[in-house]
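Chemist: Let me give you the structure first, and then I'll get to my questions.
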Amino acid sequence: MSLVESVKHPLADTLSVMLPASEDRLLLRACILPGESGRQACQSWIKRCNDPKSELGREFVKSFLPMLFFAVQTHGVELDNTLLTILRTANFREQLRTKTYTRICRDVFSTLLSNELPAIVVKGAALAESVYPHPALRHSHNIELLVQERHLDQVTRLLKPLRFTGSGGTNSHPELTHESGLPLVLHSNLFELPLCRSDLPDVWSRSQEMVLSKVSVHVLAPTDLILHTSAQAAYSSAGESYRWISDLCFTIAKYQKLDWGLLLDCAVKNHRALPLSVMLSYLVAEFEAGVPAEFLKRLSTRAFNGESIGWELALFRAHAAAHGSFKKLLRDTKSWRGRALIVRWMLLPSPKYILWIQQTRHLWLLPFYYPYRPVRYVVRQMWFFCRRQIRHLRGIPAEARSNTVSS
């Protein structure tokens, strides 16, 4: 038994709910893997694609069509005319969209640079040009910037003449929308979870200068980039698109001299050791990601020995990915210790987790939340049961319904 296996967290299997199904995994392998492995994955996926129009019409698949087209061209894989036409059309549309997206990014970045307002470009706007083989391979549905909190209002005012209008968000995360429909989000902190606050001065000091959309901007350092990408996937609905897999694979391939020790320290500090361990181990096993084995061992050990809030936050995301099904979490967990942790999280979570999930600072309310959680769960289950029964009865003809009631 390897060291990684010997210190495997009892909830590691549970978190596999965040990972793609086998058919989607094969498509991702076809898009990402280099060399002979990538060519074989492309051929295997194409052989399974019996109905190209139906399969390529799936929302998940559509977002990866330009990458698939790039992969089959790179590996010299032959396609039938129907599939080739679909891929070419998808790639052409994304190329056109990327030109518009790049133009808007250039206007935004140039405005901030000319006004000497510091900002760090994050997520798709940075990843597309910095780690992907071609910007059009990474579809970005918005522009996201990390801005110091004291500059948020000023940045918002400067962007409005560029045909942006306010569209919502919060005081710390204002959102604007371009007249083309492209959203722009300003962040004053890297992470959504208040329990996982990044050390912003260090993040800013580590940021690197890079030319994006023909403008000199700042992007996250590789370690912060990996941590941020994995966090977005682990604790938000963005993980369900599985774009994080290609983001992380291309990032790791691009920056081969990563400071893995710094990444380990930041992951532990921000309660992310467990989900990061699961994600990176998965990328090594399925996508040949160049993550050092020694780093995975240390990360797995720190996840195993970490404080409870770390795995509680991971379970929070897994519960959302399982569509609120505790039964699925328990079923996917192979160890009894893991199941015991799930039951403990359901009934007796830590005070820190309770205060976060309830978004309250009133400590005197804390004792009331513990009986409230199981009662709320039972009431919700009863409500769902009654709603299913009502829908069932409505679908039964009147005569049969009366017989059902009388019996």
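Chemist: Only one residue in 112, 84 is of a type in the set (A, V, I, L, M, F, W, C), within 19 Å of residue 182 (Cα to Cα) and either in a helix (DSSP H, G or I) or modelled with pLDDT under 90 (or both). Which one?
Modeler: One residue alone meets the criteria, 112.
Chemist: Of the residues in region 321-344, how many are in contact (Cβ under 8 Å) with a residue 12 or more places away in the chain and within 25 Å of residue 20 (Cβ to Cβ)?
Modeler: Total meeting the criteria: 13.
Chemist: So, in region 115-136, how many residues would count as being in a loop (DSSP other than H, G, I, E, B) and either within 18 Å of residue 224 (Cβ to Cβ) or under 19 Å from the mean Cα position of the chain (by Cα) (or both)?
Modeler: Looking only at that region, the number is 4.
Chemist: Okay, next question. Restricting to region 61-81, count the residues that are part of a helix (DSSP H, G or I) and either out of contact with any Leu (no Cβ under 8 Å at 6 or more places or on another chain) or among the hydroxyl-bearing types (Ser, Thr, Tyr) (or both).
Modeler: Number satisfying all stated conditions: 5.
Chemist: Mind checking which residues of region 74-131 are farther than 25 Å from residue 206 by Cβ, out of contact with any Pro (no Cβ under 8 Å at 6 or more places or on another chain) and of a type in the set (Val, Ile, Thr)?
Modeler: The answer is 74, 77, 85, 89, 100, 104.
Chemist: Something else now. Would you please list the contacts, defined by Cβ atoms under 9 Å and residues six or more apart or on different chains, that run from a residue in region 302-320 that is farther than 13 Å from residue 267 by Cβ and crowded, with 21+ Cβ neighbours inside 10 Å to a residue that is among the small types (Gly, Ala, Ser) and modelled with pLDDT of 85 or more?
Modeler: Sorted first by the residue in region 302-320, then by its partner, the pairs are 311/303; 312/350; 318/16.
Chemist: When the residues of region 187-202 are narrowed to those that are within 14 Å of residue 145 (Cβ to Cβ) and under 18 Å from the mean Cα position of the chain (by Cα), which ends up modelled with the highest pLDDT?
Modeler: Once the filter is applied, the top-ranked residue is 187.
Chemist: With the requirement that a residue be aliphatic (A, V, I, L, M) and either surrounded by fewer than 16 Cβ atoms within 10 Å (Cβ to Cβ) or assigned to a loop (DSSP other than H, G, I, E, B) (or both), what does region 18-39 give you?
Modeler: Result: 19, 21, 33.
Chemist: For residue 92, indicate whether it is of a type outside the set (Val, Ile, Thr) and surrounded by 14 or more Cβ atoms within 10 Å (Cβ to Cβ).
Modeler: no
Chemist: Looking for something at pLDDT below 85 and more than 16 Å from residue 234 (Cα to Cα) - is there at least one such residue anywhere in region 272-285?
Modeler: no
Chemist: Confirm whether residue 7 is at pLDDT below 90, out of contact with any strand residue (DSSP E or B) (no Cβ under 6 Å at 6 or more places or on another chain) and under 17 Å from residue 280 (Cα atoms).
Modeler: Criteria met by residue 7.
Chemist: Please report, ordered by residue number, the helices (runs of 4 or more DSSP H) entirely within region 235-351 with at least 2 residues that are more than 22 Å from the chain's Cα centre (by Cα) and in the same structural domain as residue 59 (by TED's automatic domain parsing).
Modeler: Answer list for region 235-351: 293-304.
Chemist: Between a first residue in region 236-257 that is modelled with pLDDT of 90 or more and a second residue that is part of a helix (DSSP H, G or I) and of a type in the set (Gly, Ala, Ser), which pairs have beta carbons less than 6 Å apart while being 6 or more apart in sequence or on different chains?
Modeler: As it stands, the answer is 244/233, since those pairs meet every condition given.
The values are calculated or read from the model by the stated rules, or taken from the named source; none is laboratory data. Every value quoted in this text rests on a predicted model; they were computed, and no experiment measured them. Cβ atoms come from the backbone with ideal geometry, glycine included; neighbour counts cover every protein chain shown.
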